[in-house]
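Chemist: One structure, as structure tokens, below. Some questions next.
The values are calculated or read from the model by the stated rules, or taken from the named source; none is laboratory data. Computed from a predicted structure; not experimentally measured. Every residue, glycine among them, receives a Cβ derived from its backbone with ideal geometry; neighbour counts consider all protein chains shown. All accessible areas refer to the heavy atoms of the entire protein, side chains included, with ligands and DNA or RNA removed. Shrake-Rupley method; radii C 1.70, N 1.55, O 1.52, S 1.80 Å.
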Amino acid sequence: MTAAKSDQPGPKARIVPTGACYDCGGRCVLKVHVRVGVATRVETDDGEEPQLRACARGRAYRQQVYSPDRLRFPLKRIGPRGEGQFERISWDEALDTVATKLVQIKETYGPQAIWVHTYSGHAGLFHGGLIVRQLLRSFGGYTSCWGGASAEGSVFASRATYGTLSTGHTRDDLVNSRLILLWGVNPATSIYSTNTSFYLVQAKEVGARIILIDPRYTDTAATLADQWIPIRPGTDAAMMVAMAQVMIAEKLHDRRFLDKYTSGFEKFQDYVMGIEDGVVKTPAWAEAKTGVPAATIVSLAREYATTKPAALIPGYAPGRTAFGEQYHRAASTLAAMTGNVGVHGGGSAGFERGPVGPMVPPSFFETKDGATYKEQLKALDVARRHHAHPHVCRIWDAILEGTAGGYPSDIKMAYIAFANPLNQLPNTNKGVKALQKLESIVVQEQFMTATARFADILLPVSTIWERNDFARPWLSGPYFLYLNKVIEPVPEVKSDLEICRELAARLGIHEPFFDIAEEEGIRLLVQGMGDVMEEVGDFEKFKREGVHKIRLPSPGLCFKKQIEDPESNPFPTPSGKIEIYCQRIADLNNPDIPSIPEYIEPWEGPGDPLREKYPLQLITIHHKTRAHSCFDNNPWLSELEPQSLWINTWDAQSRGINNGNEVRVFNERGETIIQARVTERIMPGVVALGEGAWYRPDKKGRDRAGSPNVLTRDQYSPGGAFPVNTSLVQVERFI
Ligand SMILES: Nc1nc2c(c(=O)[nH]1)N[C@H]1C(S)=C(S)[C@@H](COP(=O)(O)OP(=O)(O)OC[C@H]3O[C@@H](n4cnc5c(=O)[nH]c(N)nc54)[C@H](O)[C@@H]3O)O[C@H]1N2
Ligand SMILES: Nc1nc2c(c(=O)[nH]1)N[C@H]1C(S)=C(S)[C@@H](COP(=O)(O)OP(=O)(O)OC[C@H]3O[C@@H](n4cnc5c(=O)[nH]c(N)nc54)[C@H](O)[C@@H]3O)O[C@H]1N2
Ligand code: SF4
Ligand SMILES: [Mo]
């Protein structure tokens, strides 16, 4: 494509470099044509390679910003909660009401009665959820949740095994791999860092074999994989343990690497070989659990152990299961057993954060307790449980049961921004009850989402295009984005920063942060991340171009130093080694969190007797047309792939279900009615729903949108994983 230029008649377009930055798996460049203050057209990166080209969602962003559904005025609830009846009020009335309520709740119950929930709304670092947290921290504190929805199992495992989340390679290193195992990851749809698919194609072109392990034959399987191995959800750790058994039995594991760089392998070996419990974890043992033929497990183990270098990319989805952290621990153990850690074309199979682009924001965002928070981040996640917060899966329960139910606080008020928790957290029906119980709910939003409908005060906010910001890559770069403001905001909306600033004034909070002008704030933010500023160099150029691509002499990889010179560069774990056995976990003394990776039968898994009643395993996948619940109301995207339940032909036929029929998907927690997509692209016994469809209950309380969290269980995995891929359901034709 040639340089962006406008081909429309009329006044000349200004082309503004910015980004599309919901929490969508990527961070891409958008070049927006603006004529007389109106964004008329969207193009993407056509500059230097590697280009950061936008997906369908990024290109439909104009529909989002100019959507007739945008919230345009502050609103006050006038009908029963959740029914969506609101009246317009002034900003003064809205902010006075919020400030008065915050003070009243704090004075009556203490600050811990305020639940603050900011989540993945958008990726700009300046106008992000931290501002809201900063405000309420300065106000006296609040209750928030621990446990990330995306990848808490991986976070736990990486901290235990490697002592860090920075375990990945820049994606261009895939081209050096001879074998790539895409384990429950679907980059053709979920992007998994901009350009992952681009480099997978290149790797394939130079001869790498790509194997995909997934209950679904995904777009990635169809376009990139040489082999597809379907597996029952939540059983991946069993397959990995059996692969280890094959390697040990056939002496294919890299003993030199294990001796030099790891600790505790013998204990894992004892478990695998059944020294501990008399059960040898053979491929036949795993076949019964996973549904993967033993011969397939054997050949995959041999291939992974003998093809060097090989990259095992562990998706987060198999970890979003009961005991999901075991899968992630097992993945890293296999990477170590095959000597693939810290070598080009290999991979450590950890959290996969790339080596360039810090995730931790600079200190000027932090108040007094900032240092403590950083310390907590370094500790194993489970340690955070001792902190006074419920797990994110239990927030509805925490609101309903409070201190009487053993939770740290009695929550009376919710302050929600950059998030749609009723839709995105498990057990929506319980969530409805919890929200009904609260004294007050404040939501900052762009749209009337499932959560926004429950607000008492609803504050309309601007979009990324209506302000300036800065963004780093999703997981792996190497590049940074300056998100230039494209258009003036819708007249009556404010940015989250403006809202917080005006609330700060009303609450008597004087933090210098709230007085910083936008551009100056972004500059400080970038400067605060020393290595980013060093990279970016000329800030004005960065702004002008909207993107700074980092030129590395060779692909970036974590742990290179640890492997090349282990004496001077220990791994950041207590033992200085890759911890296959983890003493910090052993100290937790919890049989559900073993100190070595083990397969533990999941609840609501293939072996649960509940299957007699609810025989199908539900997985809830990241959908092509949405970033979580964002874009669900975008007409261009809905056309691309409507929401549906993927069900295997065999399961459909035995229930009298034809392609396109409406079906009822249900379990004890709820039900949803949605059209069936009868397909061989999902294995029998498993059904799939895209996450993020906007919860839309009918008069009988049945969801009519295919919103999966009406079905998911609000129990977290012992190591903190968010197990929304572990639910049993039944499906029947809806007539
Ligand atoms: N069943 C199931 N549930 C899941 C998942 C799953 O796989 N299955 N995945 C989980 C994962 S990985 C994640 S990350 C979470 C995401 O959970 P959430 O972050 O709660 O989900 P989003 O839909 O991204 O909600 C973000 C909201 O922020 C709003 N927003 C966008 N920009 C702004 C802004 O500038 N200011 C404000 N105030 N609001 C803004 C958007 O309109 C949107 O409603 O969902 C989790 N939920
Ligand atoms: N289009 C789109 N892309 C996104 C997002 C989005 O909302 N929309 N969200 C982004 C975010 S915040 C996140 S955290 C990531 C999440 O990224 P992922 O977790 O990789 O995304 P998913 O689509 O949930 O799952 C990937 C694949 O895993 C398979 N799978 C599910 N359960 C299991 C299992 O138990 N075992 C195995 N082997 N496979 C399983 C699914 O069939 C799916 O094809 O995606 C990012 N990318
Ligand atoms: S991957 Fe994400 S950032 Fe890139 S265009 Fe798509 S939605 Fe936007
Ligand atoms: Mo996520």
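Chemist: Could you please let me know if TRP646 is at pLDDT 95 or above, open to solvent by 30 Å² or more (accessible area, probe 1.4 Å), over 12 Å from ARG733 (Cα atoms) and more than 21 Å from the chain's Cα centre (by Cα)?
Modeler: When the stated conditions are applied, TRP646 does not pass them.
Chemist: Which residue, of ALA151, ALA203, ALA157, is buried (at least 24 other Cβ atoms within 10 Å of the Cβ), more than 15 Å from ligand 2 (Cβ to nearest atom) and among the aliphatic types (A, V, I, L, M)?
Modeler: Step by step, each of ALA151, ALA203, ALA157 is checked, and only ALA203 is buried (at least 24 other Cβ atoms within 10 Å of the Cβ), more than 15 Å from ligand 2 (Cβ to nearest atom) and among the aliphatic types (A, V, I, L, M).
Chemist: Would it be correct to say that SER154 is under 24 Å from HIS623 (Cα atoms) and in contact (Cβ under 8 Å) with a residue 40 or more places away in the chain?
Modeler: Values: under 24 Å from HIS623 (Cα atoms): yes; in contact (Cβ under 8 Å) with a residue 40 or more places away in the chain: yes.
Answer is yes for this residue.
Chemist: While we're here: Are there any pairs with C-beta distances below 6 angstrom linking a residue in segment 409-436 that is within 16 Å of ligand 2 (Cβ to nearest atom) to a residue that is of a type outside the set (A, V, I, L, M, F, W, C) and assigned to a helix (DSSP H, G or I), with the two at least 6 apart or on different chains, and if so which?
Modeler: Listed pairs, sorted by first residue: PHE418/GLY129; PRO426/ASN709.
Chemist: Out of the residues in segment 160-182 that are out of contact with any Asp or Glu (no Cβ under 7 Å at 6 or more places or on another chain) and within 15 Å of ligand 2 (Cβ to nearest atom), which is modelled with the lowest pLDDT? Even if it seems obvious, please write down each step before you answer.
Modeler: Of the residues in segment 160-182, the ones out of contact with any Asp or Glu (no Cβ under 7 Å at 6 or more places or on another chain) are 162-166, 169-178, 180-182.
With within 15 Å of ligand 2 (Cβ to nearest atom) added as a condition, the list becomes 165, 171, 180-182.
Numbers: LEU165: 89, ARG171: 94, ILE180: 98, LEU181: 98, LEU182: 98.
Looking at the filtered set, the residue picked out is LEU165.
Chemist: So, in segment 388-404, of the ones that are open to solvent by 10 Å² or more (accessible area, probe 1.4 Å) and at pLDDT 95 or above, which residue ends up nearest to ligand 4 (Cβ to nearest atom)?
Modeler: Ranking the candidates gives ARG394 first.
Chemist: Residue check, ILE735 against (1) within 16 Å of ligand 1 (Cβ to nearest atom); (2) among the β-branched types (Val, Ile, Thr); (3) open to solvent by 40 Å² or more (accessible area, probe 1.4 Å), all met but one. Which one?
Modeler: In the conditions (1) within 16 Å of ligand 1 (Cβ to nearest atom); (2) among the β-branched types (Val, Ile, Thr); (3) open to solvent by 40 Å² or more (accessible area, probe 1.4 Å), ILE735 misses (1) alone.
Chemist: While we're looking at this one, here's another question. If you take the residues in segment 10-41 that are among the hydroxyl-bearing types (Ser, Thr, Tyr) and part of a strand (DSSP E or B), which one is farthest from ligand 3 (Cβ to nearest atom)? I'd like the intermediate steps shown before the answer.
Modeler: Going residue by residue through segment 10-41, those that are among the hydroxyl-bearing types (Ser, Thr, Tyr) are 18, 22, 40.
Still in the running and part of a strand (DSSP E or B): 18, 40.
Numbers: THR18: 11, THR40: 18 Å.
Looking at residues that are among the hydroxyl-bearing types (Ser, Thr, Tyr) and part of a strand (DSSP E or B), I get THR40.
Chemist: To continue, here is another question. Considering segment 528-551 alone, what residues qualify as being exposed (fewer than 13 other Cβ atoms within 10 Å of the Cβ) and assigned to a loop (DSSP other than H, G, I, E, B)? Outline the logic, then answer.
Modeler: Our first condition is that a residue be exposed (fewer than 13 other Cβ atoms within 10 Å of the Cβ); within segment 528-551, this holds for 530-531, 534, 537-538, 540-541, 544, 551.
The answer is GLY537, ASP538, ARG551.
Chemist: Kindly establish whether ASP714 is crowded, with 21+ Cβ neighbours inside 10 Å, within 16 Å of ligand 1 (Cβ to nearest atom), within 17 Å of SER150 (Cα to Cα) and not aromatic (Phe, Trp, Tyr).
Modeler: yes
Chemist: Cβ-Cβ below 9 Å, separation at least six or inter-chain, first residue in segment 65-78 and free of Cβ contacts under 8 Å to residues at least 12 places away in the same chain, second crowded, with 18+ Cβ neighbours inside 10 Å: which pairs?
Modeler: That search, which allows pairs on different chains as well, returns ILE78/PHE86.
Chemist: Taking segment 478-523 as the region of interest, how many residues are part of a helix (DSSP H, G or I), within 30 Å of GLN51 (Cβ to Cβ) and open to solvent by 10 Å² or more (accessible area, probe 1.4 Å)?
Modeler: 3
Chemist: Give all pairs with beta carbons closer than 9 Å in which a residue from segment 311-338 that is more than 23 Å from PHE559 (Cα to Cα) meets a residue that is at pLDDT 95 or above and among the basic types (Lys, Arg); count only pairs at least 6 apart in sequence or on separate chains.
Modeler: ALA322/ARG713
Chemist: Considering only segment 167-193, how many residues are among the β-branched types (Val, Ile, Thr), at negative phi and open to solvent by 10 Å² or more (accessible area, probe 1.4 Å)?
Modeler: Total satisfying the criteria: 2.
Chemist: For segment 118-127, name all the residues that are open to solvent by 10 Å² or more (accessible area, probe 1.4 Å) and either within 16 Å of ligand 4 (Cβ to nearest atom) or over 15 Å from TRP474 (Cα atoms) (or both).
Modeler: Residues satisfying the conditions are THR118, TYR119, SER120, GLY121, HIS122, ALA123.
Chemist: Does segment 227-241 include one or more residues that are without any contact (Cβ under 8 Å) to a residue 24 or more places away in the chain and farther than 26 Å from PHE559 by Cβ? Working first, answer last.
Modeler: Keep residues of segment 227-241 that are without any contact (Cβ under 8 Å) to a residue 24 or more places away in the chain, which gives 227-228.
Filter once more, keeping what is farther than 26 Å from PHE559 by Cβ: 227-228.
The answer is yes, given that some residue of segment 227-241 is without any contact (Cβ under 8 Å) to a residue 24 or more places away in the chain and farther than 26 Å from PHE559 by Cβ.
Chemist: Tell me which residues, restricted to segment 155-173, are farther than 21 Å from SER595 by Cβ and in a loop (DSSP other than H, G, I, E, B).
Modeler: Once the filter is applied, which keeps residues that are farther than 21 Å from SER595 by Cβ and in a loop (DSSP other than H, G, I, E, B), segment 155-173 yields SER166, GLY168, THR170.
Chemist: While we're here: In segment 650-694, how many residues are farther than 17 Å from PHE734 by Cβ, open to solvent by 30 Å² or more (accessible area, probe 1.4 Å) and in contact with a strand residue (DSSP E or B) (Cβ under 7 Å, 6 or more places away or on another chain)?
Modeler: Here is the first cut: in segment 650-694, the residues farther than 17 Å from PHE734 by Cβ are 650, 668-669, 679-686, 688, 690-692, 694.
Narrowing further to those that are open to solvent by 30 Å² or more (accessible area, probe 1.4 Å): 650, 668-669, 680-681, 684, 694.
Cutting the leftovers down to in contact with a strand residue (DSSP E or B) (Cβ under 7 Å, 6 or more places away or on another chain) gives us 681.
The number of residues fulfilling the criteria is 1.
Chemist: Could you pull out the residue among GLY607, GLY576 that is touching a Pro at 6+ places or on another chain (Cβ under 7 Å) and of a type in the set (Gly, Ala, Ser)?
Modeler: Exactly one residue qualifies, and that residue is GLY576.
Chemist: Kindly state which strands (runs of 3 or more DSSP E) lie completely within segment 66-154 and contain at least 3 residues that are within 21 Å of VAL490 (Cα to Cα) and at pLDDT 95 or above.
Modeler: Answer list for segment 66-154: 86-88.
Chemist: Would it be correct to say that LEU130 is in contact (Cβ under 8 Å) with a residue 40 or more places away in the chain, open to solvent by less than 10 Å² (accessible area, probe 1.4 Å) and under 21 Å from GLU511 (Cα atoms)?
Modeler: Judged against the criteria, LEU130 is not a match.
Chemist: Right, something else. Restricting attention to segment 38-50, and to residues there that are out of contact with any His (no Cβ under 9 Å at 6 or more places or on another chain) and modelled with pLDDT of 95 or more, which single residue is nearest to ligand 2 (Cβ to nearest atom)?
Modeler: Filtering segment 38-50 for residues that are out of contact with any His (no Cβ under 9 Å at 6 or more places or on another chain) and modelled with pLDDT of 95 or more, the one nearest to ligand 2 (Cβ to nearest atom) comes out as THR44.
Chemist: Among the strands (runs of 3 or more DSSP E) contained in segment 435-477, which hold 1 or more residues that are over 16 Å from PRO421 (Cα atoms), modelled with pLDDT under 95 and touching a Leu at 6+ places or on another chain (Cβ under 9 Å)?
Modeler: Values: elements: 440-445, 457-460, 469-471.
The strands (runs of 3 or more DSSP E) meeting that bar are 469-471.
Chemist: (1) open to solvent by less than 10 Å² (accessible area, probe 1.4 Å); (2) within 16 Å of ligand 1 (Cβ to nearest atom); (3) farther than 27 Å from THR97 by Cβ: which one isn't true of GLN63, the others all being true?
Modeler: (1)
Chemist: For VAL292, are the conditions met, namely being over 32 Å from the mean Cα position of the chain (by Cα) and β-branched (Val, Ile, Thr)?
Modeler: The answer is no for VAL292.
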